[in-house]
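Student: The structure that follows is given in the form of structure tokens.
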Amino acid sequence: MPVESGSSASSRQAKQKRKSHSLSIRRTNSTEQERTGLQREMLEGQDSKLPLSLRSNLLDLFGQIEREFENLYIENIELRREIETLNDRLTAEGQTIDGGDLTKGALKAKASHSTSQLSQKLKTTYKASTSKIVSSFKATTSRAVCQLVKEYVGHRDGIWDLSVTRTQPVVLGTASADHSAMLWSIETGKCLLKYLGHAGSVNSIKFHPTEQMALTASGDQTAHIWRYTVQLPTPQPVADISTPCDDDIDFSDKDEADGDGDGPSECPSIRVSSTTLRSHQGVVIAADWLVGGKQVVTASWDRAANLYDVETSELVHSLTGHDQELTHCCTHPTQRLVVTSSRDTTFRLWDFRDPSIHSVNVFQGHTDTVTSAVFTVGDNVVSGSDDRTVKVWDLKNMRSPIATIRTDSAVNRISVSVNQRIIALPHDNRQVRLFDMSGVRLARLPRSNRQGHRRMVCCSAWCEDNSSCNLFSCGFDRQAIGWNINIPALLQEK
């Protein structure tokens, strides 16, 4: 009996190995089967730089994939048989289902029927749970028109805060990380006065309700009160560069200019404050005047807010209770109420209306730092947070917000228009959005390579008495911007 040679035996083993790794599913197209077999033989016959063990592992993996595919194919055949059986039953009842396409067959109809009730329940539950949440992408029937009127450029570092005077002459004030605060002509964009009395970043600026005095808070752990006298220059005509708020396209970010343009080199300056408030052990992040202007409140990173008497500079009350650093403070325009926000995810309402009782209420509703909380003319407080939400609260019912606005970016120091009751939201993503008190989005200020902020927007402030600019925003791109916001009456009614 003839004996096989070593070469012929190894050749047969190689063929058996190739055969064991061949596709086990029969193909009806013989041409395709031959082509696949030839490709596999060509690949195995080619020289490879891969190690033998690695090639063996790859073949094992391919074999596993092949077996999985075969199992799926068998399941597919079984499912088709079940569909045929169901069709036979339905045919006897006068109905027919095309089983050629699994995505349109009996299984889909069966699954759709079995899940229709569950789907309806989920939709009902979702609508009920989100009834108080207003989507920020809700379309409006009419669009607001936002016009960039003036840019105020001159600071050498980011601008943290801005404010508008409540008395004549109406000027804009900015507080910057460059250790200075500036007063600007709203119409011309020219710097009128520069305050240089702080030794640290100026984090906040607020104007006295009736007199020409400014209150600034600083990283040097003090708050300063200083008097100013300015003369407004003759306004220049402004070019019309109005832009529909929702039609802006962010083409590209223009690089920050190395120079500051026409800076306020000839701007007069003040270097000494009339009153210095000292008692904090940390950065004073914000300050505001109480109604009447005889007392001020300051908020600090030492977790306390202090109430001072303006005339004597004495500390009247130290408001403690926050677990972490304070981020902002605000006073009610007509009542002796103070609200302080903190990194501890809460904000607190302090009531000084009764001299003998100083009550405090804690608002818990955010999941991250509360960056600001401000009063409205009515009995509402609006709070913004790093958790990308803004909540509207009723002072008479503090358990839950009456409206919640969800955004796609952290919210910084917000402001509410007194006349139109519109909330302006400055964001970390360089956007400024406008909402009404019910949480319906009204507009987004244009931001492109030609206009708008190029860095984080830190603060917004409304001006109710100026016709050219009624909204201001500032950011870490070292500039403040004056906007003219035209909200149609239809949107205001909503």
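Values in this text are rule-based calculations from the coordinates and carry no lab data. None of these values were measured; they are calculated from a predicted model. Backbone-built Cβ (ideal geometry, glycine too); neighbour counts: all protein chains shown.
Student: Determine, for each peptide in 355-368, 48-61, the mean count of other beta carbons within 10 angstrom over its residues, then list the peptides with the highest first.
Tutor: Output ranking for 355-368, 48-61: 355-368, 48-61.
Student: Can you give the Rg/Rh ratio of segment 334-493, where Rg is from the C-alpha atoms and Rh is the Kirkwood radius? Walk me through the numbers before you get to the answer.
Tutor: Working: Rg = 15.8 Å, Rh = 16.2 Å.
So for segment 334-493, dividing Rg by the Kirkwood Rh gives 0.98.
Student: Return the equivalent ellipsoid semi-axes of segment 192-238 as a descending list in whole Å, where each equals the square root of 5 times an eigenvalue of the C-alpha gyration tensor.
Tutor: On the way: eigenvalues 121, 35, 18 Å².
In descending order, the three semi-axes are 25, 13, 9 Å.
Student: Measuring from centroid to centroid over Cα atoms, what is the spacing of segment 140-217 and segment 428-445 in Å?
Tutor: One Cα centre to the other: 21 Å.
Student: Hey, another quick one. Which whole-number percentage describes the relative contact order of segment 292-393, with Cα contacts under 8 Å and a sequence gap of 6 or more? Don't skip to the answer; put the middle values down first.
Tutor: Details: 245 pairs, mean separation 18.0, N = 102.
The normalised contact order for segment 292-393 reaches 18 percent.
Student: Mind scanning K150/K294; K294/K396; K190/K391; K150/K396; K206/K391 and naming the pairs with a C-alpha gap bigger than 31 Å?
Tutor: Details: K150/K294 34 Å; K294/K396 27 Å; K190/K391 36 Å; K150/K396 40 Å; K206/K391 24 Å.
Flagged as over cut-off: K150/K294; K190/K391; K150/K396.
Student: Applying a 10 Å radius around every beta-carbon, put 164-177, 380-393, 312-325 in order of their mean neighbour count, most first. Each step should come with its number before you reach the end.
Tutor: Details: 164-177: 21.2, 380-393: 23.0, 312-325: 14.4.
My ranking of the peptides, most packed first, is 380-393, 164-177, 312-325.
Student: Whole percent per 5 Å bin, from 0 to the bin with the longest distance: what is P(r) over all C-alpha pairs of segment 348-441?
Tutor: 3, 14, 26, 24, 17, 9, 5, 2, 1, 0
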